[in-house]
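Data block below; observations after.
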Amino acid sequence: MCGKRSKCSFSRLEVILIICLVLMIVVTVVLLVLHFLTNESNGKLSYFSPTITLCLNSSEVIPKYLLGVGRADCTGPVAEIPLMGYASPDQVGGGLLTRLYSRAFILADLDDSRRVVFVSADIGMVSQRLRLEVLRKLKRKYGDRYRQDNVILSGTHTHSGPGGYFQYTLFWITSKGLIRPSLNSIVNGIIKSIDIAHRNMKRGNLFINRGTVENSQINRSPFSYLENPASERSRYSSNTDKEMVMLKMVEENGQELGLISWFAVHPVSMNKTNHLVNSDNMGYASYLFEQEKNKGMLPGEGSFVAAFASSNLGDVSPNTKGPYCVNTGKSCNNPQSTCPVGGAMMCMAMGPGNDMFDSTRIIGQNIYLKAKDLYEKASQEVTGPLSSAHQWVNMSDVSVELNATHTVKTCKPALGHSFAAGTVDGVGGLNFTQGSVEGDPFWDEIRDQLLGKPSNETKACHKPKPILFSTGEMSRPHPWHPDIVDVQIALIGSLAIVAVPGEFTTMSGRRLREAVKTEFDSHGIARTDVVIAGLCNVYTHYITTYEEYQAQRYEAASTIYGPHTLSAYIQLYRGLARAIATNTVHDLPQGPEPPVFNIGNVTLVPPLTDDRVPVNKTFGDVLQEVRQQYRVGEVAEVTFVGANPRTSAENATEHNFLTVERYTNISDSWHVVQNDASWDTRFYWTKGYFGRSNVTIEWHIPPGTEPGVYRIRYFGHYRKKPPKSHAVSIPFEGTSSAFEITSM
């Protein structure tokens, strides 16, 4: 009421109520607009992050799965152990660039009736011995919950991790035996990562996204790729698979749990001259993503887990400058990868950076940035039940029906002459040539005398491959290659993970993905996303197409079960997909179980001896000090009296070799800012004479480092064997002088 006043006025309470009413109307309008935008885009929110979407529409996003993630160290010994990948006898560990991790992801139905475990480990590949030991330990801890059919173990394929975890003779030779500390560290790391994921299962949701990664790969055997039919090649825009598939995991309250990314590229940015254990380009992508999400944490710490897993990388290189003759600088991109002067040994591919460290950083960052973009925009939800199928198969004796009238068979394992040539990413040491379709009388005679002749049956089966090693006919001291191989598929709603036991080439992977997808489609499971997880469960080298096999470059010479290997795998994986789609997995025959060989402790790795120091020195003493002052971008370096890193602990995965620490005036204390898992630190071990050794630690001071006072610390153990007693490991440490980092 206005009463007798000429103008109406409002009390303070009325003004407040009016303002509240207006605000409520505005909020209602905004929410309605957001609601209609969401409906019109069918859930694909291109303007809002998935996390915000979950908050605004929490009533619409219902948890579909139980999710668990875990990460654990699996680095193992970093000195004197052969690195697995290039098979170079000179490439043994001599220190540490980044630590290696096992990243485990457990997915379960909400009623926990079915589970799938996917593990991506920073190792060269999964060996059969490794998988069998992991499964045995899982059974002991969890009974029948985690089994060979629902656990997938995948290696990232870094060529800079310790070897020695194989039981088949070929790999046993190149790794200098079965090295228990190496095998144990990987087994224990995988088990620990699964344990962490198991203990932290949460209700949540899965989102999938895919996109193209540019400037990060080339086909290193383009002439083999051209052997594939033109009609098939015309369906694709590139001779490599550039697509990244990313699976995002989010807790029901919006908390981000982790991701798995699959992308096809060899982690060989670090070349065969490297002696520092590290996870290469894919590991660097994981490092960047986890550092971003686990803010304030040191590498390897924090709850968010980001796995960058391998895919069909068989012919895919990160060395994007291509192959050049190192002695002339001219291209050697030819079918034999040879140079006019020096032959094949001079032909090497180069990465995009100034050196291998820089190339690793560039490729890893490219992969990380695309994953980050896909992660932020991921909105397509994965829904549906879980299922998995697995068989053990004797790949030496698979009958393949090519069509209604033609049946072929796989072969006993064998490697061709071009296997010894290596690739442009890692050239062999004896000047063998890629593309060899004829044997060499000199090397064939040596093989015949030392290892025996290949049988006529095996030679005929593998044509046109000229056999260098007939490994399927070599059984001393143990079989040289596996006959029994895992084939496995896990279906997570609309996502099918095809776990393959080797390195599929680009076109081989495309054919396999298409075959599995067609099988699911034909049985009513449409719109399935099919990804290939590479280097899973057992290692069987490469898998090329039948056409690529005819060219007999490195990948074809390393297709050990013969020209019809891919056709056999396609037939087997279609059978698994059919069993999942028709709910007849229980009718699948389990197949012949793989053997376990009693190899013992025979190894060519030098035995540990007592560590010693120079006269008037003790372990951890500084031999070469840091400077008093550095600027960002420079390298702080210090050298200590060291000890063999193999001595550092029985469980080497738990030992930290170094820290970089910053002095804090407020608390009058030192705070760790980086450790030996950090990309910017490098730990070099140099072996001397009579048990002496030095350790040099570098800190490549990164952009954004705060000015202040810093120091570098070294932690080790020295081995001492008292008279009439067992050897003991005694801890020690060393500390550099304090130094200043300035902004100018």
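The values are calculated or read from the model by the stated rules, or taken from the named source; none is laboratory data. Remember, it's a predicted structure, so these values are computed and weren't measured experimentally. Counting neighbours? That spans all protein chains shown, and the Cβs are built from the backbone with ideal geometry, glycine included. Accessible surface areas use protein heavy atoms only, side chains included; no ligands, DNA or RNA. Shrake-Rupley method; radii C 1.70, N 1.55, O 1.52, S 1.80 Å.
Before moving on, here are some points about what is shown:
- In the stretch 530-545, the residues that are over 12 Å from PRO413 (Cα atoms) form Cβ pairs under 6 Å with partners that are open to solvent by 10 Å² or more (accessible area, probe 1.4 Å) and not in a loop (DSSP other than H, G, I, E, B), at six or more places apart or across chains, as follows: VAL530/ARG513; VAL530/LYS517; VAL531/VAL245.
- Output for the stretch 345-377, where each listed residue is assigned to a loop (DSSP other than H, G, I, E, B) and touching a helix residue (DSSP H, G or I) at 6+ places or on another chain (Cβ under 6 Å): GLY351, PRO352, GLY353
- Residue match in the stretch 292-307 (condition: in contact (Cβ under 8 Å) with a residue 12 or more places away in the chain and part of a helix (DSSP H, G or I)): yes
- Residue in the stretch 64-80 that is of a type in the set (Ser, Thr, Tyr) and out of contact with any helix residue (DSSP H, G or I) (no Cβ under 7 Å at 6 or more places or on another chain) present: yes
- ASN228 vs. criteria assigned to a loop (DSSP other than H, G, I, E, B), farther than 26 Å from TRP480 by Cα, open to solvent by less than 40 Å² (accessible area, probe 1.4 Å) and among the polar types (S, T, N, Q): yes
- The stretch 697-724 - residue that is among the β-branched types (Val, Ile, Thr) and under 28 Å from the mean Cα position of the chain (by Cα) and, of those, surrounded by the fewest Cβ atoms within 10 Å (Cβ to Cβ): ILE701
- Test for ASN675: is it closer than 18 Å to ASP621 by Cβ and of a type in the set (S, T, N, Q): no
- Checking LEU257 against (1) in contact with a Leu (Cβ under 7 Å, 6 or more places away or on another chain); (2) in a strand (DSSP E or B); (3) open to solvent by less than 10 Å² (accessible area, probe 1.4 Å), the condition it does not meet: (3)
- Residues of the stretch 62-82 satisfying the condition of being under 15 Å from the mean Cα position of the chain (by Cα) and either under 26 Å from ASN694 (Cβ atoms) or among the aliphatic types (A, V, I, L, M) (or both): ALA72, ASP73, THR75
- For the stretch 563-582, a tally of residues being farther than 18 Å from MET395 by Cβ and touching a residue at least 60 places away in the same chain (Cβ under 8 Å) returns 4.
- Among the residues of the stretch 512-544, the ones that are under 19 Å from GLU232 (Cα atoms), touching a Phe, Trp or Tyr at 6+ places or on another chain (Cβ under 9 Å) and in a helix (DSSP H, G or I) come to 3 in all.
- Only residues that are open to solvent by 60 Å² or more (accessible area, probe 1.4 Å) and farther than 26 Å from LYS272 by Cβ were counted across the stretch 415-459, and they come to 9.
- When the stretch 670-689 is filtered for residues that are without any contact (Cβ under 8 Å) to a residue 40 or more places away in the chain and outside any strand (DSSP E or B), the ones remaining, listed by number, are ASP680, GLY688, TYR689.
- Residue match in the stretch 283-306 (condition: hydrophobic (A, V, I, L, M, F, W, C) and more than 20 Å from the chain's Cα centre (by Cα)): yes
- Only residues that are closer than 28 Å to LEU495 by Cβ, open to solvent by 10 Å² or more (accessible area, probe 1.4 Å) and in a helix (DSSP H, G or I) were counted in the stretch 548-600, giving 12.
- So ALA556, is it touching a residue at least 60 places away in the same chain (Cβ under 8 Å), among the small types (Gly, Ala, Ser) and more than 30 Å from ASN239 (Cβ to Cβ): no
- Comparison of SER193, SER216 shows that the only residue that is under 30 Å from SER317 (Cα atoms), part of a helix (DSSP H, G or I) and either at pLDDT 95 or above or open to solvent by 20 Å² or more (accessible area, probe 1.4 Å) (or both) is SER193.
- Condition check for CYS332 on (1) among the hydrophobic types (A, V, I, L, M, F, W, C); (2) closer than 17 Å to ARG99 by Cα; (3) open to solvent by less than 10 Å² (accessible area, probe 1.4 Å): one failure, at (2).
- Qualifying residues in the stretch 608-665 (those that are more than 14 Å from ARG692 (Cα to Cα), of a type in the set (Gly, Ala, Ser) and in a loop (DSSP other than H, G, I, E, B)) - the one modelled with the lowest pLDDT: ALA649
- Residues of the stretch 384-408 satisfying the condition of being in contact with an Asp or Glu (Cβ under 7 Å, 6 or more places away or on another chain), assigned to a strand (DSSP E or B) and open to solvent by 80 Å² or more (accessible area, probe 1.4 Å): THR407
- Sole exception among (1) more than 30 Å from ARG180 (Cα to Cα); (2) in contact with a helix residue (DSSP H, G or I) (Cβ under 7 Å, 6 or more places away or on another chain); (3) open to solvent by 50 Å² or more (accessible area, probe 1.4 Å) for GLY633, by number: (2)
- Considering residues of the stretch 308-321 that are part of a strand (DSSP E or B) and aliphatic (A, V, I, L, M) only, the residue farthest from GLN552 (Cα to Cα): ALA309
- Failed item in (1) assigned to a loop (DSSP other than H, G, I, E, B); (2) without any contact (Cβ under 8 Å) to a residue 40 or more places away in the chain; (3) in contact with a strand residue (DSSP E or B) (Cβ under 8 Å, 6 or more places away or on another chain), with TYR324 passing the rest: (1)
- Restricted to the stretch 363-383, and to residues there that are touching a residue at least 24 places away in the same chain (Cβ under 8 Å) and of a type in the set (A, V, I, L, M), the residue that is surrounded by the most Cβ atoms within 10 Å (Cβ to Cβ) is ILE363.
- Scan of the stretch 731-742 for residues that are open to solvent by less than 50 Å² (accessible area, probe 1.4 Å) and either within 36 Å of the chain's Cα centre (by Cα) or more than 24 Å from GLN624 (Cβ to Cβ) (or both), ordered by number: PHE732, GLY734, SER736, ILE741
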